Amino acid sequence: MLLLINGEEHQLDVVTLEDVVTHFSLEPHLVVTEVDGMIVERASWGETKLTDRMKIELVQFVGGG
């Protein structure tokens, strides 16, 4: 399916938002997700079904100093 992730088109074989986070090897406890302008809580990622051309934002927190 074609998804717009952080402003870039990606053709991925995924079904849920959780699949997207796993595909990019992100640490779930460090990621905030948004689908079509709505924040999706981590507990709902596995239940959040995606469809073609959805807009997804993935924000990963990084420590530093």
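Under the combined filter of DSSP loop state and at most 15 neighbouring Cβ atoms within 10 Å, the chain retains these chymotrypsin sites (Phe, Trp or Tyr not before Pro): PHE24, PHE61. Principal axis extents of the Cα atoms in the chain, from largest to smallest and rounded to whole angstrom, are 39, 24, 21. Assuming charge only on the beta carbon of Lys and Arg (+1) and of Asp and Glu (-1), the dipole of the chain about its Cα centre is about 80 debye to the nearest 20.
Only the coordinates and a few stated rules stand behind these numbers; no lab work does. Keep in mind the model is a prediction, meaning the values are calculated, not measured. We place every Cβ from the backbone using ideal geometry, glycine too, and count neighbours over all the protein chains shown.
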